[in-house]
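J.: Just passing along the structure, written as structure tokens.
The values are calculated or read from the model by the stated rules, or taken from the named source; none is laboratory data. What you see is a predicted model; the values in this text were computed from it and never measured. Note: ideal-geometry Cβ built from the backbone for every residue, glycine included; neighbour counts use all protein chains shown.
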Amino acid sequence: MLAVVLGAGAWVGRMAVAVAARARRARAARPKPADVDPWSVPEPWRQLVRQAVAAQARFDEAVTDWAPGPTRDRLVSLKPRLYAEVEEVGSLAHRGATLTGWTPGGTTSAGLPSAKQLSQQLGQIEVERRTVGRQSPRRDASLARTEEAIAAQLRALRNAEDAAGLVHDRLRTLVAQLDQAVTALLVIGIEPTGEAGADALAGSLDTILEQITALQQGLADTSSGTVDLGPLAALPSAPPTQPPPASPTP
């Protein structure tokens, strides 16, 4: 009798361990929403991150309220892609902000001269060179080298500012497309076209992912100061209009 009790206890223990393991695997497989803090970047980037996070929350709420069935299962399967894209919006916002001298610590251009200050320095050197003239060729040559160094610094700064502006424009387009896709899904949720809406959302996410990849390539290696403006400028600057599928005619 004791052996039977012990055997049953061991079986219950093994079952409890197996159930706990399955629960851990289910939690691990469940996609997690992007954990992006809009306040981790300055304006105007913060607003874009906030909009992306809000679109993610609206999508989650729509899927939660959706009636069980194949369409809801399809939408649930799209969660990891949407979450990943919201995460990338946050990452691109960080990279775009750093182009203008902002650092993750929250400081902006700490100790670095602005474009206005560099232009003023160039004007001052130009005056000094005119004053020195031919009286001191050595001094004039030294000023010329300084002038070229400051001019290169100014060109790099303006190039980075131009790139930041392009990144912001493109990122604004991506966030608008993401928000548009989720809004269309909410409209479709009250119409008998849910499956078509899931397909449309999947297509929109694919398009957004392609543009995110292109934007990342356009940024090139910003850590080395190289910013390729060509691919950035080639990206679309306005979200395409994609109306939600019309309801079937009764």
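J.: Going by what's in this entry, would Ser237 be described as at pLDDT below 75 and outside any helix (DSSP H, G or I)?
T.: Yes; evaluated as a whole, the condition is true for this residue.
J.: Check region 108-121 and report whether any residue there is of a type outside the set (S, T, N, Q), crowded, with 17+ Cβ neighbours inside 10 Å, more than 22 Å from Pro42 (Cα to Cα) and in contact (Cβ under 8 Å) with a residue 12 or more places away in the chain.
T.: Within region 108-121, one or more residues are of a type outside the set (S, T, N, Q), crowded, with 17+ Cβ neighbours inside 10 Å, more than 22 Å from Pro42 (Cα to Cα) and in contact (Cβ under 8 Å) with a residue 12 or more places away in the chain.
J.: Any chance region 44-62 includes a residue that's under 18 Å from Leu215 (Cα atoms), in a helix (DSSP H, G or I), aromatic (Phe, Trp, Tyr) and at pLDDT 90 or above?
T.: yes
J.: Out of (1) in a helix (DSSP H, G or I); (2) at pLDDT 85 or above; (3) under 26 Å from the mean Cα position of the chain (by Cα); (4) not basic (Lys, Arg), the odd one out for Asp35 is which?
T.: (1)
J.: Considering only region 131-140, state which residues are surrounded by 10 or more Cβ atoms within 10 Å (Cβ to Cβ) and either under 19 Å from Leu118 (Cα atoms) or not basic (Lys, Arg) (or both).
T.: Those that are surrounded by 10 or more Cβ atoms within 10 Å (Cβ to Cβ) and either under 19 Å from Leu118 (Cα atoms) or not basic (Lys, Arg) (or both): Thr131, Val132, Gly133, Ser136, Pro137, Asp140.
J.: Another question, then. Can you name every residue in region 50-96 that is of a type in the set (A, V, I, L, M) and either in contact with an Asp or Glu (Cβ under 7 Å, 6 or more places away or on another chain) or within 24 Å of Asp169 (Cβ to Cβ) (or both)?
T.: Ala52, Val53, Ala54, Ala55, Leu82, Ala84, Val86, Val89, Leu92, Ala93
J.: Taking the conditions exactly as written (part of a helix (DSSP H, G or I), out of contact with any Lys or Arg (no Cβ under 9 Å at 6 or more places or on another chain) and closer than 30 Å to Ala54 by Cα), does Ala156 satisfy them or not? Steps first, answer last, please.
T.: Details: part of a helix (DSSP H, G or I): yes; out of contact with any Lys or Arg (no Cβ under 9 Å at 6 or more places or on another chain): yes; closer than 30 Å to Ala54 by Cα: no.
The answer is no for Ala156.
J.: Of all the residues that make up region 51-84, how many are crowded, with 18+ Cβ neighbours inside 10 Å, within 14 Å of the chain's Cα centre (by Cα) and not polar (S, T, N, Q)?
T.: Qualifying residue count for the region: 5.
J.: Same structure, new question: Would you confirm whether any residue within region 85-102 is more than 20 Å from Leu166 (Cα to Cα), under 18 Å from the mean Cα position of the chain (by Cα) and touching a residue at least 60 places away in the same chain (Cβ under 8 Å)? Please lay out each step first, then the result.
T.: Looking only at region 85-102, we keep the residues that are more than 20 Å from Leu166 (Cα to Cα), and these are none.
No, region 85-102 has no match at all.
J.: Filter region 187-201 down to residues that are surrounded by fewer than 17 Cβ atoms within 10 Å (Cβ to Cβ) and assigned to a helix (DSSP H, G or I) and give me whichever is modelled with the highest pLDDT.
T.: Asp199
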